[in-house]
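Bear in mind that the values in this text are calculations on the coordinates, not laboratory data. Quick caveat: nothing in here was measured; it's all calculated off a predicted structure. Reconstructed Cβ throughout: ideal geometry from the backbone, glycine too, with neighbour counts over all protein chains shown.
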Amino acid sequence: MLEFDRAHIWHPYTSMTAPLPVYPVASAAGVRIRLVDGRELIDGMSSWWCAIHGYDVPELNAAARTQLESMAHVMFGGLTHEPAVRLARRLIDLTPTTLQHVFFADSGSVAVEVAIKMAMQYWFACGEPQRNRLLTIRGGYHGDTFGAMAVCDPVTGMHERFSGILPRHYFANRPHSRFGEPCSNEDIASMEALLSEHRAGIAAVILEPIVQGAGGMWFYSADYLAEVAVLCRRFDVLLIADEVATGFGRTGRLFACEYAGVEPDILCIGKALTGGYVSLAATLATERVARGVSADGGVLMHGPTFMANPLATAIGERNIELLLGSPWQARVAAIEDQLRRELAGYAAHPAVRDVRVLGAIGVVETHAPVDVAAAQQRFVDAGVWIRPFGNLVYLMPPYTIGTEDLSRLTAALALAL
Ligand code: PLP
């Protein structure tokens, strides 16, 4: 199996000429991933922010089985179904009351593409077609499709490789003010200057609220986010909040925008939406945006084959019910406390530049890039699953993890240093 895998299958961000090692998995249950050779690994990644309840969750298994009895899939063009309607109702209830319209997408990247389209079509239909640029902050990550790539960090993203092909957008400086700190004037000045200079060409500001994830795991000031929202209103620019990574409790709030009391015009969610079971995402919009898009009689130009897949939406609905019925706030707060206590010591390590914790996310930033393959091997040998990237060794375990398992994860971080 491994031989075939190496010869024929791409893994995320890998090469066919020099593939990196991968570990064959037999199954996963609770917070443990079991390898084919019988070894068990404590999961510190929630499979990239998704598996918030861990794996093999009886309630989600039951939701999948029940849905399979009636239909796994049916097209959404011209048809509708209960699972999609129930999930849309839930999402509208959970998010700010201004968000009343839901587009179901197949992945986080597609949810971002749809958000960008909504913003551009909105201004087009409102008679301002020149407003077709986006403004974002450096250090962001919004996905790997072309529209999303164009608003990822211009240095660490894929701009260089695709320069000349990607649309050119505006990039404000990454806020230096940390989460918990007030926003410095310097931080907001860069955003304000770009808005005041280029407002006439800007459709929307897009950002990851509070936590910049794959672009550097940086937690920034809630005041900064609140001030950006005020600027968007002042300059009449739409605000897109990309909560694909932060949504569903990871930061300690159901949505990270809540830290700043911000209500975006467009909201992207994904990842934990199905508890890590199947790919599903959504883009929500306000009445103003949804009606504005069609103000010229046009339609929102998107409609993927697997839109609102019944199996995915049924699992998504049950997943939200499960989350809301669980003591998730207490669990995330307990994980945060433990991460703070157990990661604090790493700050003194000579290889470490910074340690930061927010909600169920713990980050150790190193001075030099980590050798991922070597670190991964050490982690697997120690019975944990942690996957660093760049200068970042981080944990974001399922909310259901116990204190002993979490301690094994925090202790294991030393292996990468
Ligand atoms: N937006 C954010 C903030 C993300 O973190 C990600 C993925 O990591 C995406 C969008 C893209 O999501 P997907 O990988 O499901 O396309």
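Numbers for the structure displayed
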item	result
Computed [θ] at 222 nm, deg cm²/dmol, the chain (DSSP H ≥ 4; -39,500 (n - 2.57); rounded to nearest 500)	-10500 deg cm²/dmol
Inter-site label distance for residue 173 and residue 288 at 7 Å from Cα along Cβ, in nm	2.9 nm
Residue order, fewest to most surrounding Cβ atoms within 10 angstrom, among 183, 268, 257	183, 257, 268
Formal net charge of residues neighbouring residue 120 (Cβ-Cβ distance under 12 Å; K, R +1; D, E -1)	+1
Cα-based shape type of the chain, given that a ≥ b ≥ c are square roots of the gyration tensor eigenvalues and the cut on a/c is 1.5	oblate
The stretch 64-324, relative contact order [Cα under 8 Å, separation at least 6], %	30 percent
Highest-first arrangement of 381-391, 71-81, 41-51, 162-172, where packing means the average Cβ count within 10 Å	41-51, 381-391, 162-172, 71-81
Sites residue 181 and residue 333 - FRET efficiency at Förster radius 25 Å, r taken between beta-carbons, to 0.05	0.75
DSSP-defined antiparallel bridges as percent of all bridges, the chain, nearest 5	70 percent
Net +/- balance of residues flanking residue 276 in space, Cβ distance below 12 Å, scoring K and R +1, D and E -1	-1
Sites residue 230 and residue 75 - FRET efficiency at Förster radius 45 Å, r taken between beta-carbons, to 0.05	0.60
Sum of side-chain charges, residue 231 neighbourhood, beta-carbon under 11 Å (Lys, Arg +1; Asp, Glu -1)	0
Burial ordering of 315, 92, fewest other beta-carbon atoms within 10 Å first	92, 315
Amide hydrogen neighbours beyond the local backbone of residue 100, cut-off 5 Å, H modeled	285, 286, 287
